[in-house]
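The values are calculated or read from the model by the stated rules, or taken from the named source; none is laboratory data. Since we're looking at a predicted model, the values are computed, not measured. Neighbour counts are summed over all protein chains in view; Cβ atoms, including those assigned to glycine, are modelled from backbone coordinates with ideal geometry.
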Amino acid sequence: MRSLSLILKVLLFLLLLGFAAKNSDAVRLRYFLGLEWQAPLSLVILAAFAIGLFLGLLACSLRLLRAHRELRTLRAASRE
């Protein structure tokens, strides 16, 4: 099972490396107030993915914290 996992990780890495090599053209992102950012397309896509992943994990963790707090309250109420 470990070897299958390693093979899949290496394959994914090679696919992402090929994607980055094929999409190395510079793109320019323009923001408000004349701010600009120029970077390779693959880096822009990676940054967008990372930001989305972070926001998704943040939303899930907030739900888990609420559920944990509610569970603690219910356990305390059941002990009384």
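So that you can scan it fast, the table gives a plain yes or no per residue for (1) of a type in the set (Val, Ile, Thr); (2) under 30 Å from LEU16 (Cβ atoms); (3) surrounded by 10 or more Cβ atoms within 10 Å (Cβ to Cβ); (4) out of contact with any Cys (no Cβ under 6 Å at 6 or more places or on another chain):
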{"residue": "VAL27", "(1), (2), (3), (4)": "yes, yes, yes, yes"}
{"residue": "GLY34", "(1), (2), (3), (4)": "no, no, no, yes"}
{"residue": "ALA48", "(1), (2), (3), (4)": "no, yes, yes, yes"}
{"residue": "CYS60", "(1), (2), (3), (4)": "no, yes, yes, yes"}
{"residue": "LEU65", "(1), (2), (3), (4)": "no, no, yes, yes"}
{"residue": "GLU70", "(1), (2), (3), (4)": "no, no, yes, yes"}
{"residue": "ALA76", "(1), (2), (3), (4)": "no, no, no, yes"}
Checklist outcome for this item: Here the residues within segment 21-46 that are in a helix (DSSP H, G or I) and touching a strand residue (DSSP E or B) at 6+ places or on another chain (Cβ under 8 Å) are LEU41, VAL44
Checklist entry - Which ones in segment 1-20 are assigned to a helix (DSSP H, G or I), surrounded by fewer than 10 Cβ atoms within 10 Å (Cβ to Cβ) and among the aliphatic types (A, V, I, L, M)? => result LEU4
Item to check | Pairs, first aromatic (Phe, Trp, Tyr) in segment 30-41, second assigned to a loop (DSSP other than H, G, I, E, B) and modelled with pLDDT of 90 or more, C-beta under 8 Å, six or more apart | outcome: none
Item to check | Selected residue (criterion: nearest to the chain's Cα centre (by Cα)) from residues of segment 1-24 that are within 15 Å of LEU43 (Cβ to Cβ) and hydrophobic (A, V, I, L, M, F, W, C) | outcome: LEU16
Next on the checklist: If I filter segment 51-68 for residues that are in a strand (DSSP E or B), among the small types (Gly, Ala, Ser) and modelled with pLDDT of 90 or more, do I get at least one hit?
Outcome noted: no
